[in-house]
Each structure stands twice: as C-alpha cells, then as structure tokens.
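The values are calculated or read from the model by the stated rules, or taken from the named source; none is laboratory data. Keep in mind that what you see is a predicted model, and the values were worked out from it rather than measured. As a convention, Cβ positions derive from the backbone with ideal geometry for all residues, glycine included, and neighbour counts pool all protein chains shown.
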Amino acid sequence: MFISPSQMASRRVSANPSPLSLLREALAEISSRQRLIAYLVQADMKKRGSDTVLGNLWWILDPLLQMVVYVVFVTILARSSEPDYPLFIFAAILPWKWYSSVVSDACGSVVGRAGLIRQIAFPKIVLPIAAATAGVVGFAWGLIPLLGLMLFYPDRISVQLAWLPVIAIVQYVFSIGTAILLAAANVFFRDLGNVAGHVLRLWWFLSPSLYSLATFDSLKEIKDHPILREIAGLNPFAVLFEAYRAVIYGDSGGGLPHAPDLLPLAELLVASLVFIALASIFFKRVEPDFAKVL
Amino acid sequence: MAIPATAAWSSASTVPAIETHDLGVQYDLRFTRKRTMRESLQRTISRHPPERFWALRHVDVTLTHGESLAVIGPNGAGKSTLLQVLAGIMRPTEGSVEVRGRISGLLTLGAGFDDELSGRENILLGGAFLGLRDTVTRELMPAIIDFADLGTFIDTPLKTYSSGMRARLGFSIATAVDPDILLLDEVLATGDAQFREKSKARVIELAQSAKAVVLVTHDMNWVTEYCNRAILLERGQVIIEGAPSDVVATHLERTAAARADREAQAKAAGLDPRVR
C-alpha cells in the first residue's frame, strides 16, 4: 500500500461502511473536535443569556417556579402525604428540566445549522453532543436554587449530596444517546419536536416524579400485576429520580438522605453506553444525506 | 512502507488533486420535500413509486494542483451539488470522488457561523468547524481580521452585519486557512467593488501558488481571464470540457439557442389559431 504524507488530508469515498467502522469514526470525531463542542456550548450559553431581560437568572427561576406550580397542584388536588414535599419534587424537577431541555435542543441542533451543513464539511455528530453538554450547564445552575431550598430543610443536608455528580454523569451519558438519536431523526421527520413534547409530558407523569416508586406498591393494579412494577423499574427516570431523591431528600417515610441504589445506576450506565453506540451508528449512517435533505 | 517522504511528496504533485469517476448524485424527493410524518406515512401506504432525480450524472472531472477550473451552466444544472460533493458535504450516489489535500471552501458565503457571536468569536468557531487547531486559528486571526476589513464591527454580533460584510468575513476565513484545494461558489459576486477586486487578487494568488481552485460563477469574463479550464454543466451532465473560451462560447450559444427556442414556442402557442 502506498502511504503518502498527505494521506491525512486525502479522502476517498467508500460505498457502505460497516457499523463498527461508523462507530469508530464517530468516536474519533467526538474526541478530535472537543474544542468545537466547547465553542458551541459557549455560543449556546451566550444566546440564552442575551435573549431575555433576566438572562441567566432564568436558570434559577425556572425550576423554582415549576416547583411552586406542582406544589400548589399536588397539595390542593392530590393531597400528598409526603413530608417536605417541595424538596421531594424539586429533586425530580431539576434533572427533568435538564433532560427535557436536552431533548428540545437536540431536535433542533442539526436542523438549526442547515446553512452551515450545506456549506462546509464537518462532523455533524458534535451538534447533538454540544446540545447535551449545554444541558449540564443548566443543571449546574439549578443546583443554586436547590441549595437555597435545602436551607429550609436543614436536617436533610448531608454528605450524601456528594453522590450528585455520580448520578449526573449517568444521566449525562443517557442524554447524549437521546440527543444523537433525535438530532438525526428530526432531519427526516420534522414533527418529531412536537411529538417529543407530548411524550415527555406523559413520561414525566409515569415516572416517580410527583410520587415515589414506593407508592406504586400500594396500588391495586400493581398488586394484581406485579409485572407492571418491573416495567416501572426499567424506566431510566425511575432509576434516576429515585437516586437523586435518595441523596437529596431521603425516604418518604421520613428517612434521611442515604446513598443511592448503585446496581440500577450501573445497569443504566451500561445500557446508556450501548444506546450511545447504536444511536451513533444510526447518526453516521444517515449523516451523508443531511446536506441533501436540509 | 519504506518510501522516503520526499519521494512521496514529489509524486503527490503529479497526482491530480481532484479526480471523479462517473460521479452521480441522486436526490430522493421523498425526504427533500420536507414532508411531515403523516405525508410520508400516506406515501408508504399508497405505495407511490420513489421519486428520484439525478442532480449529477456521469461526471468525470480531473484537476491538478495549480489549475483553476470554472464550473458554469444555467441555474439548477448541478454546479453547487458538484462543489458539495467535492467538499465532502455530500456523498455520491454512484461513482467515486478522490480528493488529495486540505480542502476549504465556503459554498454559500454569508451564512456565517453563529449570529449571536461577534466576528472575532465567529473566526474561532469557524476555525473549529473547519477542523483547525485553536492555536492555528488564533495565529491566523490578525490576518483574517485585516483582510475582512470590518473595522469595529469585528467585535459586534454577526446579526448586525450586512450581507456584504458577512461575505467578506466568510471569504477571509475560507482563504486564510491555506487550503490545497479551494472551492468557491459565486463568491466573486458578493461584496462591494473594492472587495471584489481584493478577492479576485486573492484567488489568483492562491491559484498561482500551486493550489487547485474550483469556482462556480456566472461571471464569464472571470472565466476566460483567470481560469485555465472550464466545464459546462446542464441538467447534471457535462456538456463540454476544455479551454475556457470554447466552453464559454458553447454556453452562450446554447443559452441563446434555448432562449430563441422558448420564444419561438411561446410565439407558436400565442399564434396558434386553436388557442385563440
């Protein structure tokens, strides 16, 4: 084989690459374009900060206002028995806001750069990765109101909060997979954004967000069909919400914060890595058609 | 393999920079029309035959370093598609493309990189998009800013720029990266007269320093004056390839013939007694 020094820059288009080579390519692109991802995240931050009057303050206000809505809603209508209910649901609102913002940003990440995609060749996979990463910044902002809220419940403040980054990493990995899949699919089906909004809402209410997974056990339907309990446990956000709640809030019975259940988190992490791999292969498979479709 | 680097380099200069063989690009209109899910579902159910059309077909282009090739033709001939394939933005449906060397090009200048960011930040972002290392972009920054000549606008968000200013910034970035192959689409028509002269000079300079240039343009003077080869594309096919003057002459002939043809048809239709 002839190897020339300029080979790095040369390109020959082959017909049908194997899934494994697509995956390898995707990983190489992500690792070699970290700077681009960082710039895209910065640009995103800047946009959010400059669009509105209150700018970055919305990162803090948004989850707080949402919490107030749910607290009013649940205490008036559903008469929740959970003590310290604001903190109970805030532990779910925070990660959920992160995830739902990643979903909507990811849907628009490739489509929103249509002009650029038609004029220069670059690895498009950086776009959903940047969208998912920008979500982390939002989550980090959300920790400020969380800490503020916790001051009202001083006995729940504990070293267990140190688990937060670990749980967040699992969620980050899961959200990257989602972002890659949605960014590519939305190019071909533009109504995905509309669909996603409704799926997210349903998913939120089916997840142990406003209630704990334990309340499931007392339901008659669950007792009759134990399989439903198993299915509920497979929900990534059942795992994540329970973990966040364990370290921020504790147990609904009044138990103080404790370490999260690590096995389901580990399982979710492995499943998410597989998810990223499959989503990347799909993304790389359809990537060459982006310029034609956009 | 034990080939000395020097030998490889000298052979690289004789090897063409761009080579396409029987290149074809097919568009699948099922997706390009931006259908919603409902429509595509309906189409799948009703088993419409797939709508496809060839934007390019049987295109063979070879370009050596130092050459500058003009691509001319009427609107919708596939000129921009050809550039997109060469740039690696699009994958050919059939045939092959081989590109040797670092390629750069802004195919539709004026899109910019990010509207919210300043010109300076756009240069950094643009460099990252083009795959430059950050240190390299920062080194090139003064030259890019100088060439774009945007004054104090370099520190204001891109959304405040006029289209000419965007084009200037884009051109400056695309040519500053010292590409081996430069792809330009209608860029010489943008900007004011002064910048047009400046960009022409830059393109000539790049072509002379043994860079390959592929240029899509409607400016026939430019083609005959500064390009050493030209191809005429019509409906995705190469009609003629050769010396710029011959290709331009053929193009003008064919456009005139097509216009005469259309006029004759319109006349015939207008005078047709059955229509009256």
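Miscellaneous remarks
- B:Phe53 meets all of the listed conditions (1) surrounded by fewer than 17 Cβ atoms within 10 Å (Cβ to Cβ); (2) assigned to a helix (DSSP H, G or I) but one, namely (2).
- Pick from the range B:96-122, criterion out of contact with any Lys or Arg (no Cβ under 9 Å at 6 or more places or on another chain) and more than 7 Å from chain A (Cβ to nearest Cβ), ranking: modelled with the lowest pLDDT: B:Gly105
- Checked against the criterion of being crowded, with 22+ Cβ neighbours inside 10 Å, of a type in the set (S, T, N, Q) and under 27 Å from A:Glu267 (Cα atoms), the range A:154-174 contains one or more residues that satisfy it.
- The condition of being in contact with a Leu (Cβ under 8 Å, 6 or more places away or on another chain), within 23 Å of A:Ala279 (Cα to Cα), touching a residue at least 12 places away in the same chain (Cβ under 8 Å) and among the hydrophobic types (A, V, I, L, M, F, W, C) holds for A:Ala114.
- Set A:Ala114, A:Ala106, A:Ala78: member being of a type outside the set (S, T, N, Q), at pLDDT below 90 and closer than 30 Å to A:Leu23 by Cβ: A:Ala114
- Looking across the range B:132-157, the residues that are surrounded by 20 or more Cβ atoms within 10 Å (Cβ to Cβ) and within 14 Å of another protein chain (Cβ to nearest Cβ) come down to B:Leu132, B:Thr137.
- Which numbered condition B:Gly66 misses (of (1) at pLDDT 85 or above; (2) more than 12 Å from chain A (Cβ to nearest Cβ)): (1)
- When A:Val53 is tested against the conditions (1) assigned to a helix (DSSP H, G or I); (2) more than 18 Å from B:Phe113 (Cβ to Cβ); (3) without any contact (Cβ under 8 Å) to a residue 60 or more places away in the chain, the lone failure is (1).
- Evaluation of A:Val239 against the conditions (1) of a type outside the set (Gly, Ala, Ser); (2) within 14 Å of chain B (Cβ to nearest Cβ); (3) closer than 29 Å to A:Glu82 by Cβ shows that the sole unmet condition is (2).
- Condition check for A:Ile281: farther than 24 Å from A:Ser158 by Cβ and either of a type in the set (A, V, I, L, M) or within 14 Å of chain B (Cβ to nearest Cβ) (or both): yes
- Hey, A:Asp289 surrounded by fewer than 21 Cβ atoms within 10 Å (Cβ to Cβ) and either touching a Ser or Thr at 6+ places or on another chain (Cβ under 8 Å) or farther than 28 Å from A:Asp155 by Cα (or both) or not: yes
- Residue count, the range B:200-227 (criterion: free of Cβ contacts under 8 Å to residues at least 40 places away in the same chain, within 18 Å of B:Ser172 (Cα to Cα) and not in a helix (DSSP H, G or I)): 1
- Some residue of the range A:18-29 being part of a helix (DSSP H, G or I), within 14 Å of chain B (Cβ to nearest Cβ), touching a Gly at 6+ places or on another chain (Cβ under 7 Å) and not acidic (Asp, Glu): no
- Members of the range A:47-65 found to be surrounded by 17 or more Cβ atoms within 10 Å (Cβ to Cβ) and facing chain B (nearest Cβ under 10 Å), listed by number: A:Arg48
- Of all residues in the range A:113-140, exactly one satisfies the criterion of being surrounded by fewer than 16 Cβ atoms within 10 Å (Cβ to Cβ) and under 16 Å from the mean Cα position of the chain (by Cα), namely A:Ala140.
- Of the residues B:Thr81, B:Thr152, the single one that is part of a helix (DSSP H, G or I), free of Cβ contacts under 8 Å to residues at least 24 places away in the same chain and out of contact with any His (no Cβ under 8 Å at 6 or more places or on another chain) is B:Thr152.
- Among the candidates B:Thr175, B:Thr93, residue that is crowded, with 24+ Cβ neighbours inside 10 Å, among the hydroxyl-bearing types (Ser, Thr, Tyr), in contact (Cβ under 8 Å) with a residue 40 or more places away in the chain and within 14 Å of chain A (Cβ to nearest Cβ): B:Thr175
- If only residues of the range B:46-63 that are at pLDDT 85 or above and touching a helix residue (DSSP H, G or I) at 6+ places or on another chain (Cβ under 6 Å) are counted, the one that is nearest to the other protein chains (Cβ to nearest Cβ) is B:Ala55.
- Filter pass, A:Tyr172 being more than 15 Å from the chain's Cα centre (by Cα) and hydroxyl-bearing (Ser, Thr, Tyr): no
- Residues (buried (at least 16 other Cβ atoms within 10 Å of the Cβ) and acidic (Asp, Glu)) located in the range A:210-264: A:Glu242
- Lone qualifier among A:Val195, A:Val187 - being free of Cβ contacts under 8 Å to residues at least 60 places away in the same chain, over 11 Å from the mean Cα position of the chain (by Cα), within 14 Å of another protein chain (Cβ to nearest Cβ) and part of a helix (DSSP H, G or I): A:Val195
- Among (1) free of Cβ contacts under 8 Å to residues at least 40 places away in the same chain; (2) within 14 Å of another protein chain (Cβ to nearest Cβ) - the single one A:Val68 does not satisfy: (2)
Residues are listed down the side, and each one gets a yes or a no for (1) crowded, with 17+ Cβ neighbours inside 10 Å; (2) over 16 Å from the mean Cα position of the chain (by Cα):
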| residue | (1), (2) |
| --- | --- |
| B:Lys200 | no, no |
| B:Ile204 | no, yes |
| B:Ser209 | no, yes |
| B:Val213 | yes, no |
| B:Glu225 | no, yes |
| B:Arg229 | yes, no |
| B:Leu232 | yes, no |
| B:Arg235 | no, yes |
| B:Ala249 | no, yes |
